[in-house]
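So the structure is just underneath, and the comments pick up after that.
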Amino acid sequence: MSLRLVRIDDRLIHGQVVAGWLRAIGGRRIVIVDDATARDEFLREVLTLAAPQGVPVEVYDVAAGAARCIELAAKPEPVIVLARSPRTILGLRQAGVPIEVVDLGGMGAGPGRKRIHKTISVSPGEIRELREIERLGTRVEIQIVVDDRPISFASVVSGE
Amino acid sequence: MFRKFAAFGGCLTLVLLIAALMPATTLAAAPGAAGALEAPRISVSVWQAALIAFGYYLANSPWLFGLAFFTLYRPLVAGFFVGLILGQPAEGTLIGAAINVPFLGFLSAGGSLPIDPGFAGWVGVTVALAGHLDPAAAVSIALGLGLLGTLIFYGRMAVDSVFAHWADARADKADIAGVALMNWLPGQAFLLVVSFVPVFLFALNGPAYVQDALNRLPLWTVNGLVIAGGVLPALGIAMNMRFIFRGSAIPYFFIGFILMTATHGSISLVVVAAIGLCLAYLHLNFVRRDVPARVETIEEPVAAAAASTVVVGAQAKVSLTRGDIIKSWALWSFFAHANYNYERLQGTGFAHAMTPIIKRLYTTEDEIRAALKRHLVFFNTEPNFGNVVHGTVIAMEEQRANGAPIDDDAINSVKSGLMGPMAGIGDTMSQSTITPILLAIGIGIAGGTASGTAVPTISGATGNPLGAIIYMALISIVIVAIGYTTWMQGYARGRSFVTEILKSGAIDRVLVGAGVLGNMVLGALAATFVVVNLAPTVSIAGAKMNLQAAIIDPLFPGALALGLVLLTWWLLRRRVNPLAILAAYLVISIIAAYPFFGPGQQNSGDYSYQACTSSLLHQYSPCGTPPAATPAPTAAESAVPSAGTSAATSVPSARP
């Protein structure tokens, strides 16, 4: 499994990812899957340039991202996949991308969203999508920084 | 969080329990505690405790132009100030430097805090200084305090979310000053209480309590804490190595290490840094000539980005003055983290910084309300490099106020799209490159005696307050310069500045150069602060010889320390949790101090050869002379050479 980290993070590439995860797990490539970002040329460019030198960043919409992730999953190179929302990951999973664990790394608060753990907030719709991802055989865990102990999503939303 | 704190506390309790049950030479016979100096303890007055507690509050507060996180929050600087308050600035700086080494890999990103270096520094130095602990024993205790300190941070992050809603209520009333007030007043009032009270109590009662506890323990367990103080710095150094120890920069780490051991620690860290700068220049220009590869596409995107920016010409109705923009920058610098919370992170800080802009640009209540609410949402970036976001947003607000078709979505997408990438670049630069390198230099200066020798594990070494002062000055200048430049350029040139700076390759060049310098300094620091001394003796050709002195030091001084650092780095690469490593090293150090091979130390002043070869590791160097060669030295004689020699690198006088 070379998709070393599949992470939902609404800030995509930032300090925790670049200075923490990327180094710790030896990621060699970052794949960003997000429909809106894929359409925005400026953001695409900034994200491509924001990663350290020697770590290529690729930005795709869900359809193209799924094909690319399936291709990369079969190769030995360690890859980090970043998405903004559970819906995107669900899309990847339904398209057949082999994801063992999806990591909830940063989901900001807002109207209609409930904080479930530190900087992780979810809407009712996202809870349904994450449950659906779990039903498809992917573990959903919360691990904000690499030195945190992973917590299962089910353990913080049980009873809702 | 509670789990890791409980695990650490559990381990410590277990070790101390085992220690208490084991039959051993207790301190009952020895008046001076081991690990504690013979000099009488300083008593901390109520006023001194209050000043120390207020210092810790300041370290977490916005009042120092936002620079507290880079200065007072670091144990090196905290040590200097605690030392000043208690009347021993040199000793305080030395202890602060020793405590700071395990925190070299400290990184706080996106509202996470693995450990609290501020608490470890302010309380740890107080306890060590007033209780007359050996700086190395202070390191172990300070790490436990650092974990305790995270409780304050997490409590604050949770409670401050409430105040963000108070700010929302003010925004509903279009109350600009109210939003600003809600960003700092309630959060700081709460912080003052939760940071002042525990540190005040610790500072007042902690030293006596810790010293009494240590006095009740068997001598060898206290030695174990001192040994741990030489082992645990390997963790901080290895954590920082995760950022920079790679590729063609790796050899520089070994150059730094060997430079220090080969000169027996007699060159100052400033010299090592100067050599590092020269090598960084050569490395950039002759080894890594591939680095500025991104430079060639510079022309085209600038033009493209400029074209996409709406330019409002001379007919502008309202325009911002330079004063507004500087005022906004100052507010951000001060108050970005004044109300840091889980729900919005820097959200209320962003709104606070925008208040001078909103005041100037918008007049109707509806416009003001909308603008305040627009900027009260979730926001988080690195608060210096990330300032390009604010600059860009201010320019967009100005154009919008003058009728340009910029809607909320356009502004939000710039904020939410740029804050992540700029935090990625910013944290890499400021927190994991610039700060640790400058800290390492400061620690090196602080831990040195007049001759430039660092003696962290041996009581009686004098520290150098200049280390803390130089570090404070350098980091402040660098951070303010970066913050101001990115803010102003972001305003003047917006998105094109972002792409241009990223494409210029300047950041990569700085990172590659800093990697060279960082590895050199880190290697030198490892040679000074990581101490592993084997105690057992072997019989070679009938003569009993100390393993370390006879075999390891003549071949490769500091080989064990270097091995430990590399092992720790490898463990971290294998994703072993740093707290598990911390606990394991602490337990192993204490076990390794048990006198398996002899009676052990008779009292804390016993530095005889008999005493120091009776355990697996020993805490001071060099060992006394073997009894076969000369009569056993008295405590005074053998203590003298140890006071002036680097513990990691010394070549014992008793070499065959």
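What to note about this one:
- Reported count of residues in segment B:482-539, each being assigned to a helix (DSSP H, G or I), over 30 Å from B:V226 (Cα atoms) and not hydrophobic (A, V, I, L, M, F, W, C), is 17.
- Residue, surrounded by the most Cβ atoms within 10 Å (Cβ to Cβ), within segment B:484-517, restricted to residues that are β-branched (V, I, T) and farther than 24 Å from B:K415 by Cβ: B:V516
- Residue in segment B:329-336 that is outside the structural domain of B:R170 (by TED's automatic domain parsing), more than 36 Å from the chain's Cα centre (by Cα), crowded, with 23+ Cβ neighbours inside 10 Å and in contact (Cβ under 8 Å) with a residue 24 or more places away in the chain present: no
- Filtered residues of segment A:131-160 (kept if more than 14 Å from chain B (Cβ to nearest Cβ) and exposed (fewer than 13 other Cβ atoms within 10 Å of the Cβ)): A:R135, A:L136, A:G137, A:S158, A:G159, A:E160
- Exclusive hit being within 18 Å of A:V31 (Cβ to Cβ) and in contact (Cβ under 8 Å) with a residue 24 or more places away in the chain, set A:I80, A:I120, A:I144: A:I80
- Residue within segment B:235-247 that is touching a residue at least 40 places away in the same chain (Cβ under 8 Å), within 14 Å of chain A (Cβ to nearest Cβ) and among the aromatic types (F, W, Y) present: yes
- Residue that is nearest to the other protein chains (Cβ to nearest Cβ), among those in segment A:23-62 that are in contact with a Phe, Trp or Tyr (Cβ under 8 Å, 6 or more places away or on another chain) and of a type in the set (V, I, T): A:I32
- Annotation: of all residues in segment B:39-95 being aromatic (F, W, Y) and not in a loop (DSSP other than H, G, I, E, B), the one that is nearest to B:G349 (Cα to Cα) is B:Y57.
- Per this entry, A:A83 is not counted among residues that are modelled with pLDDT under 95 and either under 30 Å from B:G155 (Cα atoms) or within 14 Å of chain B (Cβ to nearest Cβ) (or both).
- Taking segment A:91-101 as the range and being more than 21 Å from A:L47 (Cα to Cα) and under 11 Å from the mean Cα position of the chain (by Cα) as the test, the residues that pass are A:I99, A:V101.
- Every listed requirement among (1) under 30 Å from B:F245 (Cβ atoms); (2) within 13 Å of the chain's Cα centre (by Cα); (3) among the hydroxyl-bearing types (S, T, Y) is met by A:S85 save one, (1).
- Restricting B:A526, B:A535, B:A481 to those that are surrounded by fewer than 23 Cβ atoms within 10 Å (Cβ to Cβ) and either under 28 Å from B:L284 (Cα atoms) or more than 11 Å from chain A (Cβ to nearest Cβ) (or both) reduces the list to B:A481.
- The number of residues in segment B:301-346 that are modelled with pLDDT of 60 or more, part of a loop (DSSP other than H, G, I, E, B) and of a type in the set (V, I, T) comes to 2.
- Condition check for A:G20: among the small types (G, A, S), more than 12 Å from the chain's Cα centre (by Cα) and facing another protein chain (nearest Cβ under 10 Å): yes
- Residue that is farthest from the other protein chains (Cβ to nearest Cβ) [pool: residues in segment B:484-504 that are small (G, A, S) and within 13 Å of B:G386 (Cα to Cα)]: B:G490
- Entry remark, segment B:566-580: residues being at pLDDT below 95 and closer than 16 Å to B:F103 by Cβ number 3 in total.
- Qualifying residue in segment B:395-407 (condition: more than 18 Å from B:H352 (Cβ to Cβ) and of a type in the set (K, R)): yes
- Within segment B:107-126, considering residues that are assigned to a loop (DSSP other than H, G, I, E, B), among the hydrophobic types (A, V, I, L, M, F, W, C) and touching a residue at least 60 places away in the same chain (Cβ under 8 Å), the one nearest to the other protein chains (Cβ to nearest Cβ): B:A109
The values are calculated or read from the model by the stated rules, or taken from the named source; none is laboratory data. If you're wondering where the values come from, they're calculated on a predicted model, not measured in any experiment. Here Cβ is always computed from backbone atoms with ideal geometry, including for glycine, and neighbour counts include all displayed protein chains.
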